[in-house]
Structure formats: C-alpha cells, structure tokens
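Notes to accompany the following structure.
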Amino acid sequence: RDFPRRVRPRPPTTSRQRHKSRTLATMTDNANTTMTDKEVGPTIKLISRVGDAFELPYEAARLSQTVKDAQPCEDDEDNESPEDVEILKVDSPCLEKVVEFLKHYQEDALKDIKTPLEDNTFDGVVKQVWYQDFVKGVDQPMLFDLVTAANFMAIQPLLDLTCLQVSCQLMGKSAEEIRVILNIPRLTAEEEVKARQDHRWIFDD
C-alpha cells in the first residue's frame, strides 16, 4: 500500500531574506532596463549592387558620409527613421565586410593612423588586434574592393586602414611585383622612372 509522502513545511521567510530577494529583483530589472535602453535605436539597411540588404544600427552607419548625405532629414543626429540606402557600386560580399567594420567601429573605434607613420610594418602602426585580423583575413581582390568601397562610401577610417595595408604590401617590391599585385599594364622605362620619383616610399629597399 502506498502512502502519500509527507511534505516538510518550508520555514518562514525572514525579513532579511525578503529584503535580499527584493534587492536582487530590483538589480535584475535595472540590468534588463539598461540592456534594453542600449539596444534601442533606429536601424538602417544598406543594399548592395545586386539587391542584398544588410541591416545595422544607424549610429554605426553614420560613419559613412555617403549614407548620411542620402538621408532627407536635415538634422541627421535626430533622424529616428532613416531611409535605407542603395550602395550601387559595391557587391554583396564586400558590403557585408563593410557592415562588419562599421558595427565593430561603433563598439571599439579604430585609433587614428597618424603620419608620418611610427613604424614601417602594419602591425607596428595598427595595434588593435581586431583591425589587424580584419584586413589580413581577406584576399587581395577583396582588399582592393574594400579600398574602393571605403572611398565610394566616404568611410575615412576604413579607407585609412585598407590603404595602409596595401602600402605595406607594396613597400620594398620591385616594379614588376607591384605591376602584378595591382594588375596594371607593364610600365615603360620612362614610366618606371617617373613612378620611382613620385612614389619613392614604395620603391625604397
């Protein structure tokens, strides 16, 4: 024969325990409110050449002067309903990388790349690991696409970062190596002399 289990009565809650529970509940509510407030904000979609849309916070997208100029709202900082922007000269894979950059920059801005450069290596100039990995993780064609996209979208920090990586890759290379890397026609003897005069920092051994 089965007998019902006897439930041991729970001891009464003390005033100290009740106060602790209320305090924890208040802290949890405040934390949730803080997270919600941080997440609040308008978003925008950047649309690639082929129509793919990439969504990101408008505050992050505002780093692009092209995006800001595309908004009908005169007071850009108070724009609560930004219009999506077509980036007609940028393909989807490249735009996805641009959006990745913009999102991270909002959380951890790239430190200014000052000239003259304090080092002759990329890592010696850019010491933030995320940005080092960002440009080193793409192949040569994508790197050049990012340079073009940064220029078209007027994103100065991205343009500075990618151009620095390109210049570091070209530094010390021969004219023939540079021609191959940049996919440009072969230089005549006169053109090579002029290039060496105009861009000595590239050709210095």
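The values are calculated or read from the model by the stated rules, or taken from the named source; none is laboratory data. Source: prediction; values computed, not measured. Cβ sites come from the backbone with ideal geometry, for glycine too, and all protein chains shown count toward neighbours. Note: accessible area is taken over every heavy atom of the protein model, side chains too, but ligands, DNA and RNA are not part of it. Shrake-Rupley method; radii C 1.70, N 1.55, O 1.52, S 1.80 Å.
Evaluating ASP108 against the criteria (1) at pLDDT 95 or above; (2) closer than 30 Å to ASN183 by Cβ leaves one unmet condition, (2). Screening the candidates LYS103, LYS89 for the property of being among the basic types (Lys, Arg) and either touching a strand residue (DSSP E or B) at 6+ places or on another chain (Cβ under 9 Å) or farther than 30 Å from MET171 by Cα (or both) yields one hit, LYS103.
In the set LYS103, LYS114, which member is open to solvent by 30 Å² or more (accessible area, probe 1.4 Å), farther than 24 Å from THR43 by Cα and in contact with a helix residue (DSSP H, G or I) (Cβ under 9 Å, 6 or more places away or on another chain)?
Details: LYS103 fails: farther than 24 Å from THR43 by Cα.
Within the list LYS103, LYS114, the selection yields LYS114.
Of GLU74, GLU39, GLU86, all but one fail to be open to solvent by 60 Å² or more (accessible area, probe 1.4 Å) and modelled with pLDDT of 95 or more; the exception is GLU86.
Can you name every residue in the stretch 58-71 that is open to solvent by 70 Å² or more (accessible area, probe 1.4 Å) and within 19 Å of THR148 (Cβ to Cβ)? Across the stretch 58-71, the qualifying residues are GLN65, ASP69. I'd like to check something: does the stretch 125-133 contain any residue that is modelled with pLDDT under 95 and among the acidic types (Asp, Glu)? Scanning the stretch 125-133 turns up no residue that is modelled with pLDDT under 95 and among the acidic types (Asp, Glu). Give the stretch 139-159 a look and list any residue that's in contact (Cβ under 8 Å) with a residue 40 or more places away in the chain, over 20 Å from GLU59 (Cβ atoms) and surrounded by fewer than 18 Cβ atoms within 10 Å (Cβ to Cβ), or say none. Listed by number, the residues that qualify are GLN140, MET142, THR148, PHE152. If you check SER92, SER81, which single one turns out to be within 30 Å of ILE178 (Cβ to Cβ), small (Gly, Ala, Ser) and surrounded by fewer than 19 Cβ atoms within 10 Å (Cβ to Cβ)? Going through SER92, SER81 in turn, the sole match is SER92.
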